[in-house]
Each structure stands twice: as structure tokens, then as C-alpha cells.
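Q: Take this structure first; my questions come after.
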Amino acid sequence: MNITVLGCGALGQIWLAALHDRQHQVQGWLRVPHAHCRVAVRTLSGQPLHYTLPANDPQRLAHCDLLLVTLKAWQVASATVHLLPHLPPDCPVLLLHNGLGTREELGEIRQPLLQGFTTHAARRSGQQVEHVAAGMTHIGPANARCGDHSALAAALQQALPDVAWHNDITHSAWQKLAVNCAINPLTVEYDCTNGALANYPERVNALCDEVAEVMAREGLPVDDLRATVWAVIAATAENTSSMLQDIRARRRTEIDYITGYLLRAARRMGIATPENSRLYERIKRKEQYHEQQRSGTDLSGTWHRGN
Ligand code: NAP
Ligand code: PAF
């Protein structure tokens, strides 16, 4: 297959390496255009892979069989929209990121749109990406043009297992949203690993229950939501959540697509979500403080409560 990977960071590079190893014709698409992108991955088995792959080639884009988008959620809409007119109309676009809401930001597109999420873990360390944990990638349709793409899931499965196709991914996507709502902002609040959230069971359960109320109103099953979240906390006990990593690095977080998405849905339904709302405000204040520091508009010497 001809595949373009938009976003050549931690997740993008493990996909580029895995797809290239399976003899797919892959190119990366970089924010700052370049003829090549360097892929440097340490695999799960510790094997170092170094590839120089083509990048930002419009000809390859015009003959693409898949656009795989591995950007942070807030980068997706603006970056993807520029590529769509250059893609064949039948080329599936797969959005693979934490959180929800990019589908709505993209609006109607002529290509089949797929959304997905993954539990693989990869992190950038210097010039190299380390694939630190195997996981599962779930994909499913995100617009009406997207019929059955289970064959695509099978092709991706060959490269970076496991991949599951869902005819309807709504419930799984909301469950993943619940996991991220309960874990990510709370690890920022307590500046702790995922596992340390076991010290705050009431906080975790309150966040879960608010998500469950919104999911129930969406007509989705919620019986096992607390158990699902606690299972992820146990399975990822040593992890530093992606949101805490972003906050520590003073980067923008994905809060608008995680808790923010939940709050927008809750508001439409008239459901109160005080625990999630409070955490959302807290993360936004931290983001704004970091943004002010980056842009140099902060008044030096100002004391910021809670930052
Ligand atoms: P990342 O390392 O920051 O990768 C994003 C990449 O996209 C960066 O290389 C960035 O380049 C590039 N980029 C930004 N804007 C762009 C644009 N307009 N055009 C082209 N490239 C652009 O992030 P990640 O860890 O791979 O995460 C991607 C998504 O996967 C997130 O939603 C994350 O939550 C999710 N996820 C990640 C993991 C993981 O283990 N890494 C696991 C599960 C889910 P610059 O750095 O130069 O801006
Ligand atoms: O965002 C993350 O860090 C992950 O999605 C999760 C599941 C919370 C594990 O760290």
C-alpha cells in the first residue's frame, strides 16, 4: 500500500518503521516540508531501526491508499484539512489520537474517515523513539462514506499488532475517553504516576460517575465503567500519563479533546459535571500560564496561585 503518515513523532515513527518493514510504500509528512524524514526507533525487543524515508511528496499523496494521522488532537484539523484536496477521493483517512472532537472539527470530507485509538506506548528520547509497550489499536468508521474497512485493519495488524476493527466504535471510544478523563488530569493535580491514583479512590470514582451519566444519556452501556478505569490504572501503574508529561514539558495538553469534549456533551444534555469541570479549569490555567511564559507576555515576578 501507499501510505502517508502525517505527524512523525513518537506514534508516527513506530508506525512508519513497522509499515516500511512490511514493504509498504510509506512517506512521512512533516510540519516543516523536507524531502526526507528520519525514523529512529528502538523496537520492543530492543532492536535499533534507522530509516531515511521520503517526505512531503505531493505525487505520493496523490496516489495514497491511506492517510494515517498521528498528531496530537489539537493539531489534527488544521494540518489534515490542507492535505485532503490532494488525496484521492476514495483514500481512507485514519485519525489516531487521544480524545474526541476532531471529526467534528474536520466537518464533512469527501474521503472515508476513520477514527481510532491505541494503547501502544512510545516515547521520544533525544533523537530516538522508544517503543516501550505493546498495545492494541482500535479503529472504526467516523463518517457515512466509511464502509467496512476491516481489510485495512487486517493490513495494519500485519505491521503493528494488535489491530481491531469495530463496525461501531462509539462505545469503545467513549470508554477510552472515560479512562483519559479519570486518569490524565488527576495525575496532573497530584503530580503522580497513574498507579498513585489508588490513593484517591473517591476522586477517580466521582470522575467516572460523571462520564457514566453522560454516556448513559448517549444510550451507551456504562455498567463496568469504574472497573474499566481501575483496570487501566493497575495495568499502567508505573506510567506518567501523557497529560502530565505535556504539563511537565510545558506543552499544550489534549484536555480540550478529553475533559473538554465531555463538558461540551454534558452541557448540551444539561448534565452537571462539577468534578470534571474543576479539573478542566485547573489544567487550562496551567496551559495558559505556560503559554504566557512561552510568548513572553507574562509580567515577570508575578505570583500565580496553583501553578
Ligand atoms: P508527538 O510525539 O508530539 O508527535 C506529533 C508529531 O506531529 C510531532 O513530530 C510534531 O512535530 C508533528 N506535527 C505537529 N504539527 C504538525 C503539522 N501541522 N504537520 C505535520 N506534523 C506536525 O505525539 P505522539 O506521542 O506521537 O502522540 C500522537 C497522538 O497519539 C496523541 O493524541 C497521543 O495522545 C496519542 N497517543 C500517543 C501514544 C504514545 O505512546 N506516544 C500512545 C497512545 C496515544 P513538532 O514536534 O515538530 O511539532
Ligand atoms: O494518555 C495516557 O497517558 C494514556 O492514554 C493512559 C491510558 C492514561 C495511560 O497512561
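Q: Restricting everything to alpha-carbon atoms, can you work out Rg to Rh for the stretch 39-80 with a Kirkwood hydrodynamic radius?
A: Details: Rg = 13.9 Å, Rh = 13.0 Å.
On the Cα set of the stretch 39-80, Rg over Rh gives 1.07.
Q: Quote the relative contact order of the stretch 152-244 in percent (integer), defining contacts as alpha-carbon pairs under 8 Å separated by 6+ residues.
A: On the way: 86 pairs, mean separation 34.8, N = 93.
In percent, rounded to a whole number, it is 37.
Q: With a cut-off of at most 10 other beta carbons within 10 Å, and DSSP calling the residue loop, which chymotrypsin sites (Phe, Trp or Tyr not before Pro) in the stretch 136-205 qualify? Please list them. Could you put the intermediate results ahead of the total?
A: Working: sites: Trp165, Trp174, Tyr190; in loops: Tyr190.
The qualifying sites: there are none.
Q: Angle between the Cα long axis of helix 274-295 and the longest principal axis of the chain, 0 to 90 degrees, nearest 10?
A: Result, in degrees: 60.
Q: Give the Kirkwood hydrodynamic radius (Å, one decimal) of the stretch 1-55, defined as one over the mean of 1/r across all pairs of different Cα atoms. Before the final figure, lay out each step's value.
A: Working: mean 1/r = 0.0904 Å⁻¹.
Every distinct Cα pair counted, the radius reaches 11.1 Å.
Q: Just going by the charge dipole of the chain, with Lys and Arg at +1 and Asp and Glu at -1 on Cβ, which of Gly219, Leu11, His34 is farthest out on the positive end?
A: His34
Q: First compute the accessible area of the chain with a 1.4 Å probe, then give the percent of it belonging to carbon and sulfur atoms.
A: Working: 7190 of 14490 Å².
Ligands and nucleic acids excluded, carbon and sulfur reach 50 percent.
Q: Given bins 10 angstrom wide, list per bin the percent of all Cα-Cα distances in the stretch 59-197, short to long.
A: Here the calculated profile for the stretch 59-197 is 11, 38, 36, 13, 2.
Q: Tell me, what is the per residue accessible area of the chain in Å², probe radius 1.4 Å? Present the calculation step by step, with values, prior to reporting the outcome.
A: Working: 14490 Å² over 307 residues.
Computed with neighbouring chains in place, this is 47 Å² per residue.
Q: Sorted from largest down, give the three principal axis spans of the alpha carbons of the chain, whole angstrom values.
A: In descending order, the Cα extents are 51, 49, 38 Å.
Q: Still on this structure: Between rounded, prolate and oblate, where does the stretch 206-297 land on the alpha carbon gyration tensor, with a ≥ b ≥ c its root eigenvalues, rounded for a/c under 1.5, else prolate if a/b exceeds b/c? Before the final figure, lay out each step's value.
A: Numbers: a/c = 3.16, a/b = 1.46, b/c = 2.17.
Because a/c hits 1.5 or more and a/b fails to exceed b/c, the stretch 206-297 counts as oblate.
Q: When you count, for each residue, the other Cβ atoms within 10 Å and take the mean per peptide, how do 110-118, 32-40 rank with the highest first?
A: Values: 110-118: 22.1, 32-40: 14.3.
Put in order of decreasing packing, that is 110-118, 32-40.
Q: In addition: Over the chain, calculate the relative contact order: mean separation of alpha carbon pairs under 8 Å at least 6 apart, over the residue count, as a percent. Spell out each step's value before the answer.
A: Details: 547 pairs, mean separation 41.8, N = 307.
In percent, rounded to a whole number, it is 14.
Q: At most 10 other C-beta atoms within 10 Å and a DSSP loop state: those are the exposed GluC sites (Glu not before Pro) I care about. Give me the longest piece of the chain that has none. Numbers along the way, then the final one.
A: On the way: sites that count: Glu108, Glu238.
Longest stretch, sites excluded: 109-237.
Q: Here is a follow-up. Going by alpha carbons, how many degrees (0 to 90, nearest 10) lie between the helix axis of 201-217 and the longest principal axis of the chain?
A: Result, in degrees: 60.
Q: Here is a follow-up. I want to verify a result. In a Gaussian network model of the chain, Cα cutoff 10 Å, which of these has the top mean-square fluctuation: Thr52, Thr43, Thr259?
A: Maximum fluctuation in the GNM of the chain, among the listed residues, is at Thr52.
Q: Rounding to the nearest 10 and keeping the result within 0 to 90°, find how far the Cα-based axis of helix 10-21 lies from the longest principal axis of the chain.
A: The two axes meet at around 30 degrees.
The values are calculated or read from the model by the stated rules, or taken from the named source; none is laboratory data. As the structure is a prediction and not an experimental result, all values here were calculated from the model. Glycine also receives a Cβ, built like all others from the backbone with ideal geometry; neighbour counts cover every protein chain displayed. Ligands, DNA and RNA are excluded from the accessible area calculation, which covers all protein heavy atoms including side chains. Shrake-Rupley method; radii C 1.70, N 1.55, O 1.52, S 1.80 Å.
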